[in-house]
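Read through the structure below, which is laid out as structure tokens, and then see the notes.
Every number in this text was worked out from the coordinates using simple rules, so none of it is lab data. From a predicted model like this one, the values you see are computed outputs, not experimental measurements. Note that each Cβ is placed from the backbone with ideal geometry, even for glycine, and that neighbours are counted across all protein chains shown.
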Amino acid sequence: MKVPILKQGNILIATIQSALTDNDLLSLQDNLAHQVIQYRSQGVVIDITELDVMDSFATRTLRNIANILKLRGAKTIIVGMQPDVAFAMVQLGLTLPDIKTARDLDEGLTLLK
Amino acid sequence: MVDDQVSIPILTDSDIVSARQQARELAKRFSFSSSELAGIAAAISELARNIVSYATQGTVNVSLIEEANKKGILVIVEDQGPGISDIPLAMQDGYSTSNSLGLGLPGVKRLMDSFEIQSEIGKGTTVIVKKWVLR
Ligand SMILES: Nc1ncnc2c1ncn2[C@@H]1O[C@H](COP(=O)(O)OP(=O)(O)OP(=O)(O)O)[C@@H](O)[C@H]1O
Ligand SMILES: [Mg+2]
């Protein structure tokens, strides 16, 4: 698995650790969709601190992930977006509507409590 | 001396990652800010993905340029794909033939300092963008 997923109680934490291809993002989507059911998780934190770019594909996939997980009863929180990455994302016109974001993992976990 | 130009063939989604990483490395040699570097990487990611999505194969060429006391980066992204029939339409926010967000081309135009697109049906598409170092 390119993006390790850690189970902590009823929460899953997915930590992106390197640049991801489109296929890596799609397998993250599949893995989270399965594990949320398997572990009956109530929340998922995706740590994107190490993500180099938020382009249209990454944005669309994160939105899809949040929608899928919502249907499976879990909340999604995106944490760690770098200011530079956010800046480029905004200029591209990309948004993450309805997805909660937090500055770091601790803040993200607090939001799920 | 290190080459001030790279050319990356684009065929698969991993070539998209490699194009934006190589471009970023090259651009680092000029004093682009980290948010400009992130913008350059995002723009190249969009243009290279359009090749994979619509044209199957093409090339991303990145070079460092200097002109009348300014420095910058020149990116030429070309393919021999199907071409774009209505460019003004393709440049509109939200227009997509693949049910995507339709933000790639107009977004790249916003991110870069200059943007040119040429396309001919059945022959292919070329996008030429530049970004100057702010001084
Ligand atoms: N290299 C290309 N060859 C042929 N058609 C293209 C090419 N690039 C873009 N297009 C056409 O222009 C449209 C708009 O492109 P744009 O990148 O703005 O949006 P998108 O790719 O549909 O969605 P997004 O980039 O937001 O995921 C595409 O849907 C496609 O029809
Ligand atoms: Mg596109």
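Quick notes
- Positive-end ranking of A:Leu71, A:Thr95, A:Leu112 along the dipole of segment A:5-112, with charges on Cβ about the Cα centre, is headed by A:Leu71.
- Label-to-label distance for A:Asp98 and B:Leu134 is 3.5 nm, based on points extended 7 Å past Cα in the beta-carbon direction.
- Over the C-alpha atoms of segment A:5-112, the Rg to Rh ratio, Rh being the Kirkwood estimate, stands at 0.93.
- Residue-averaged beta-carbon neighbours from other chains (10 angstrom radius) around B:4-13: 1
- Nearest-20 debye value, the protein assembly as shown charge dipole, Cβ charges on Lys, Arg, Asp, Glu: 780 debye
- Distribution of pairwise C-alpha distances over the protein assembly as shown, 5 Å bins, in %: 1, 6, 14, 17, 18, 14, 12, 9, 5, 3, 1, 0, 0
- Neighbour counts of C-beta atoms inside 10 Å place B:Lys131, A:Lys113 in the sequence A:Lys113, B:Lys131, starting with the fewest.
- Ordered by the number of other Cβ atoms lying within 10 Å of each residue's own Cβ, fewest first, B:Asp79, B:Asp13, A:Asp106 fall into the sequence A:Asp106, B:Asp13, B:Asp79.
- Relative frequency of Cα-Cα separations exceeding 22 Å in chain B, percent: 32 percent
- Here the residues B:Ser63, B:Ser31, ranked from fewest to most Cβ neighbours within 10 Å of their Cβ, fall in the order B:Ser31, B:Ser63.
- Note on chain A: helix-only mean residue ellipticity at 222 nm, from DSSP H runs of 4+ residues weighted -39500 (n - 2.57) and normalised by residue number, equals -14000 deg cm²/dmol.
- If only the Cβ of Lys and Arg carry +1 and only the Cβ of Asp and Glu carry -1, the dipole of chain B around its Cα centre is close to 420 debye.
- Residue among A:Asp52, A:Asp24, A:Asp98 with the largest mean-square fluctuation in a Gaussian network model of chain A, springs linking Cα atoms under 10 Å: A:Asp98
- Computed about the Cα centre, the dipole magnitude for segment A:1-82 is approximately 500 debye when only Lys and Arg (+1) and Asp and Glu (-1) carry charge, each at its Cβ.
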